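Just below is one structure, and these are the notes that go with it.
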Amino acid sequence: MALLRLSVNGWSRLPLPAARMTACMRLEYATRKEQKGTHGWVAVIKVTDTLSVPEEELRFKASRSSGPGGQNVNKLNTRMTLLFDVTNSPSLSQEQKESIQRRLATRINHEGVLRVVCQRHRTQAANRRGATESFLDMLVDALKKRRPRRKTRISAAVKRRRREERARRSRLKRSRSESVEWDE
């Protein structure tokens, strides 16, 4: 599946397959596709092939950032917090909601709101983009199907080698403790 990019001439295909694209590339190229919503045209963030989240479901809050930055830190609200209501999102199926709540439990509060904070950059726009990229990465990882672990058996050869090694160590220790009679 190729991703699309909106340009002056309309939608064009991107050369990279979707599997090789990073979240940043997906965000920049494929997520800004607009769809007809209840209130007209709405920007949509494409998370996976089957899941898109309308941008109107995301809330952003700006606040003062901590750390170095001089007067910029003290005067400007550059830290961005992305809030996404997982429990009440119409874009997610019940199975997806449960998967996200289970895997991102430390980032979801008791009201079911996922919180992503970004304060790496000096500008609000860059931190907003960073928070959205982190949000995308988290959702993609949380919705990834995990293969169940298959129990493996210890082979007979490994068991035999372990027994032989134990017997060898036992003989060695026994030989060290044997009493030696001194001839005088």
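Conditions tested, residue by residue: (1) touching a residue at least 40 places away in the same chain (Cβ under 8 Å); (2) out of contact with any strand residue (DSSP E or B) (no Cβ under 8 Å at 6 or more places or on another chain).
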residue: VAL86; (1), (2): no, no
residue: SER91; (1), (2): yes, no
residue: GLU95; (1), (2): no, yes
residue: SER99; (1), (2): yes, yes
residue: ALA105; (1), (2): no, yes
residue: LEU114; (1), (2): no, no
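Considering the range 153-184, and only residues there that are within 42 Å of the chain's Cα centre (by Cα) and not in a helix (DSSP H, G or I), the residue that is farthest from GLN96 (Cα to Cα) turns out to be SER155.
Can you pull out every residue in the range 50-77 that is on the phi < 0 side of the Ramachandran plot and out of contact with any strand residue (DSSP E or B) (no Cβ under 7 Å at 6 or more places or on another chain)?
THR50, LEU51, SER66, PRO68, GLN71, ASN72, VAL73, ASN74, LYS75, LEU76
Of all residues in the range 157-175, those that are modelled with pLDDT of 95 or more have Cβ atoms under 9 Å from Cβ atoms of residues that are outside any helix (DSSP H, G or I), 6 or more apart or on another chain, in ARG162/ILE154. Out of the residues in the range 52-86 that are over 19 Å from the mean Cα position of the chain (by Cα), surrounded by 12 or more Cβ atoms within 10 Å (Cβ to Cβ) and part of a loop (DSSP other than H, G, I, E, B), which is modelled with the lowest pLDDT? Looking at the filtered set, the residue picked out is GLY69.
Among the residues of the range 137-176, none is identified as exposed (fewer than 10 other Cβ atoms within 10 Å of the Cβ) and touching a Lys or Arg at 6+ places or on another chain (Cβ under 6 Å). Being part of a loop (DSSP other than H, G, I, E, B), basic (Lys, Arg) and over 23 Å from ASP49 (Cβ atoms) is a property that holds for ARG150.
Scanning the range 94-126 for residues that are modelled with pLDDT of 90 or more and polar (S, T, N, Q) gives GLN94, GLN96, SER99, GLN101, THR106, ASN109.
The values are calculated or read from the model by the stated rules, or taken from the named source; none is laboratory data. A quick note: this is a predicted structure, and the numbers were derived from the prediction, not measured. Quick reminder, even Gly has a Cβ in these numbers, built from the backbone with ideal geometry, and neighbours come from all protein chains shown.
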